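Scroll down for the structure; my scribbles are underneath it.
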Amino acid sequence: MNKPQMITVLGATGSIGLSTLDVVARHPDLYQVFALTGHSRLQELLALCVKHQPQVAVVADEAGARQLEAGLRAAGLATQVLIGEQGLCQVAADPRVDAVMAAIVGAAGLRPTLAAVEAGKKVLLANKEALVMSGALFMQAVRRSGAVLLPIDSEHNAIFQCLPGDFSRGLGNVGVRRILLTASGGPFRETPLADLEHVTPEQACAHPNWSMGRKISVDSASMMNKGLELIEACWLFDARPEQVEVVVHRQSVIHSMVDYVDGSVLAQLGNPDMRTPIAHALAWPARMDSGVAPLDLFAVGRLDFEAPDEQRFPCLRLARQAAQAGNGAPAMLNAANEVAVAAFLERRIRYPEIARMIEDVLEQEPVVALDALDAVFAADARARELAGQWLNRHGR
Ligand code: NAD
Ligand code: MG
């Protein structure tokens, strides 16, 4: 029998992290947890360490490390505790690790995710922001190191499943006409436009089909999530932005589709539960039980499709423009969005101001080429600075 694979879960205390651990715990013969990382919820991280017995845990700072260590010792565990970005990169690249789940939210995940890529790991990519920020450099690093990159985002995992195994020869060479990226439309798909001024963070985070972290929930409400996913799809599948069409499909049963030149359209369907793409990527190219209930098509009853409304969802237009501009534009879009979403969650700006802030930031700055990671972080920092100034002028 083969040895269990050793897994590092970056962002273990988050929504994707917890779903990953749920799947892993179903297959103790196949997977063992090497490291767990968490930024703020130390009690939850401690409970996860007690349950999964990792060799290493990573927290944000010294104080957190001391607190976690005390809890670990009291529980009789010898788990080593590391700190900060350096600790994250270390557990991502450790020679004992086979696979890394990249599930930190936002730009904070870029360096640790790249560390896993550069170490040639099997990388399960949930942290879409990392790829959006640094696409060309990220994909170069994948090719150079021979890392196996598997998409966890449900849409990209669906597209991956609907593409032939040799899609890296080029979409045109394998007969693909378009990628059809599905979107639920989020909680505000039908809200009267005038009411969007007054929607609250709680309403934005109440997604009709998926339970997720707060940042991606707001992104789903604004459809910036779909915009980031458009850019993500272009990098993962070497597609041009015009080859990716967004289709609003409110049931979230079809997770995306691939349209071939002969008229065939292949789709991947399933209940909206992230354990399916997680189990798919962990076991790939095999299959294994994820704990997700079988899809009941009679209960689903119908599948609806509509075109996205860019007046309602200006973030989708902004992301498409950034995808077309390329270079530093996606990194700036992402950084401005992170600032805007945090400000909205803190009630410093209203929901429609998310898109206004991002558009103003992108208009103020010329697009620069990103030839190295330093340039990516410089574009990120510049956008955060401009967004901060915008917030000082317009925020509460
Ligand atoms: P979440 O907010 O629930 O969890 C985020 C995790 O990142 C937590 O473990 C947190 O401790 C950690 N973290 C936050 N800030 C950090 C920092 N500065 N340094 C180190 N760690 C930090 O988020 P989530 O919903 O699990 O999403 C995680 C990623 O997966 C995001 O990039 C998101 O876009 C992507 N994703 C999520 C879903 C979903 O269903 N939740 C679906 C597709 C893609
Ligand atoms: Mg998604």
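Share of antiparallel DSSP beta bridges in segment 154-321, in percent to the nearest 5?
On the way: 10 of 15 bridges.
Bridges in segment 154-321 are about 65 percent antiparallel.
Stretched out fully, how many nm does the piece from residue 303 to residue 198 gain, at 0.36 nm a residue minus the Cα gap?
Computed gain between residue 303 and residue 198 is 34.8 nm.
With charges set only on the Cβ (+1 for Lys and Arg, -1 for Asp and Glu), what does the dipole of the chain come to about its Cα centre, in debye to the nearest 20? Mind showing how you got there, number by number?
Values: 36 positive and 44 negative charges, 124 e Å.
Here the size comes out at about 600 debye.
Let a ≥ b ≥ c be the square roots of the eigenvalues of the Cα gyration tensor of the chain; is it rounded (a/c under 1.5), or, if not, prolate (a/b larger than b/c) or oblate?
Here the chain falls in the rounded category.
For the chain: lysine pairs with Cα atoms under 29 Å, gap of 8 or more or different chains, count?
14
Rounded to the nearest 5, what is the percent of antiparallel bridges among the DSSP beta bridges in the chain?
25
I'd like to know which of 25, 39, 300 lies farthest towards the positive end of the charge dipole of the chain, counting +1 on Cβ of Lys and Arg and -1 on Cβ of Asp and Glu.
Of the options given, the answer is 25.
At 222 nm, what helix-only mean residue ellipticity would the chain give, in deg cm²/dmol to the nearest 500, using -39500 (n - 2.57) for each DSSP H run of four or more?
That calculation yields -14500 deg cm²/dmol at 222 nm.
Which residue, chosen from 241, 221, 194, occupies the Cα position most advanced towards the positive end of the dipole of segment 154-321, where the dipole is computed from +1 (Lys, Arg) and -1 (Asp, Glu) charges on Cβ about the Cα centre?
Farthest towards the positive pole: 241.
Hey, rough spin-label estimate for residue 173 and residue 261, points 7 angstrom out along Cα→Cβ, what's it come to in nanometres?
1.3
Just in segment 280-348: which chymotrypsin sites (Phe, Trp or Tyr not before Pro) are loop by DSSP and have at most 15 other Cβ atoms within 10 Å?
305
Under 8 Å for C-alpha pairs, at least 6 residues apart: give me the relative contact order for the chain, rounded to a whole percent.
Over the chain, the number comes to 14 percent.
Bear in mind that the values in this text are calculations on the coordinates, not laboratory data. Every value quoted in this text rests on a predicted model; they were computed, and no experiment measured them. For neighbour counting, all protein chains shown are included, and Cβ atoms are generated from backbone atoms with ideal geometry for every residue, glycine included.
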